[in-house]
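The values are calculated or read from the model by the stated rules, or taken from the named source; none is laboratory data. All of these numbers come straight from a predicted model, not from anything done at the bench. All Cβ positions, even for glycine, are placed from backbone atoms using ideal geometry, and neighbour counts span all protein chains on display.
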Amino acid sequence: MTTVKDKNVHCVAVDGVFDDCQDIVKQLFCDTSFNNSGENGEAGGVTLGAVNSINWARILAQIVYYFYGYFRWLDLGANGLQPRKLGDELTFAVPSGNFGNALAGFYARSMGLPIKRIAVCTNDNDILHRFFSSGDYSVSGRAHATLAPAMDITKSSNFERFLFHLVDGDAARLRACMASITETGKLDLGEGDTAPLLAAAADIFVSSRTSDEGIRKVVAKVKTDFQYDICPHTACSVHAALSTFLPNPAKYGEVVCLATAHPGKFAGYDTANTSGAVPPLPAQLRGITALPRRVTAVANSATAVKDLVISTVGHRRFSNQSQVPAGDRSQSAGNSSHAPGGRVFSLAGSFVAGALLSAAVAASIVHFSRRKKV
């Protein structure tokens, strides 16, 4: 994203992390003096959009490849891997940070797809794992950098959407739940309601957590056993499948792991892969890391971002735009502002890398069977 030369595309590096970027975007969405204004001459005059899972269309697209993955799994059975029939259930293991991909699986299951469980697979930033394993949804400080950077999130945006269904679509009850997180840093499901609601969630979701060391080990194992390169995010789902879910077929059935991105995209891959070998980028991306990068630094503030957008929409030049060395790591938060003239802005957290992963999740499926290597 930072190498795009088009004059109407602007990358903004916020002095913070993904959670900060997402908070800023949500604040600006709610600022009606700024968003969807300007029609009658008032200040603002931009229309905000999002290409990450804040946007429901993103979830809608992700639902599709659960169905694709399921029918591909049936095809593998028809090809002699293992007999399967329509209606057989399986577990999907999903690398999870902002919870959009796992939420899409929830909707696919709700639509009738035979999913036994959806495994929410986190890295060390494990707020989702703590909730689904013990009921603890508490924000414990800021996200810290891991080998799976697009999952370095402590406030999972789409979790609110799942809570809406968990409380039977009661908007007032949901509002109280979300207020408890804002006010105390911890989710309060209500006196007497916690146990039944957690039990209902456990009927659908299981979870796991993978450390950087676990990522390193599973990347090497998959390369050795299957001659297949996986990215550090995919490694979180594969680690969970191999260590927790496949050893318990009576409870989880067979497991399909969702892969998320080409492994060569990640600067830390040589650290994750004990062989030290970095897979080459696809041909269309080779040389991209050597291109000049255009990024504008901005303070960690919704006001600062808003002022920058307004000044740019007004065709004033960025005063602090700079060239960023090709080796620097920035992450697109996947959100944009579309203004007159078709301008697009992409927010970036300064230390979290690889968000283009979450902006374009590949519908690739890695299937591991205990009986036969695929």
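General remarks:
- Here 153, 118, 204 are screened, and the one residue that is at pLDDT 95 or above, crowded, with 22+ Cβ neighbours inside 10 Å and not basic (Lys, Arg) is 118.
- First in the stretch 116-138 and free of Cβ contacts under 8 Å to residues at least 12 places away in the same chain, second anywhere and assigned to a loop (DSSP other than H, G, I, E, B) and of a type in the set (A, V, I, L, M), Cβ under 8 Å, 6 or more apart: none
- Checking each residue in the stretch 290-305 for being at pLDDT 90 or above and either within 14 Å of residue 28 (Cβ to Cβ) or assigned to a helix (DSSP H, G or I) (or both) picks out 298, 300, 301, 302, 303, 304, 305.
- Residue 13 meets each of the listed conditions (1) over 29 Å from residue 97 (Cα atoms); (2) among the small types (Gly, Ala, Ser); (3) modelled with pLDDT of 90 or more apart from (1).
- Meets criteria (modelled with pLDDT under 85 and surrounded by fewer than 19 Cβ atoms within 10 Å (Cβ to Cβ)) for residue 74: no
- Residues that are more than 22 Å from residue 77 (Cα to Cα) and in contact with a Lys or Arg (Cβ under 7 Å, 6 or more places away or on another chain) were ranked within the stretch 90-110; the one that is surrounded by the most Cβ atoms within 10 Å (Cβ to Cβ) is 103.
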